[in-house]
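Reviewing the structure listed below.
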Amino acid sequence: MARMIRVPKTHEQDLLAARASLDEAAALMAPRAPRMRAVEDRTIPGPARPITIRVYRPLADRPVGAMLYFHGGGHVIGDL
């Protein structure tokens, strides 16, 4: 029988370890991203400081729809 590995829960890890764990898990579960014409990291003005955004430009030769996503979480361990 395979031995189970105990993975610490997020709240049991320090911040750097929690971020690394999230990055590893996301990489394992993420679908392969479609190819893009360009991916640009930008900032926009925010109430206290600039907010980082990412703009994806698809390879499409015709107009395509757009999606705007606002994350409502604590913004502590994830990133763009």
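No lab work stands behind these numbers, since they all come straight from the coordinates. Note that the structure is predicted; figures quoted are calculated from it, not measured. Neighbour counts run over all protein chains shown; Cβ positions are idealised from the backbone, glycine included.
The table that follows gives values for the structure above.
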item	result
Calculated [θ] (222 nm, deg cm²/dmol) that DSSP helices of n ≥ 4 give over the chain, each run adding -39,500 (n - 2.57)	-6000 deg cm²/dmol
Net lengthening on full extension, VAL7/ALA27 (0.36 nm per residue, minus Cα-Cα)	5.6 nm
With at most 16 neighbouring Cβ atoms within 10 Å, loop trypsin sites (Lys or Arg not before Pro) (DSSP) excluded, longest segment of the chain	36-80
Helix 15-29 axis, angle to the chain major axis (alpha carbon atoms, nearest 10°)	70
Linear extension gain, TYR69 paired with ALA38, 0.36 nm per residue minus alpha-carbon span	9.3 nm
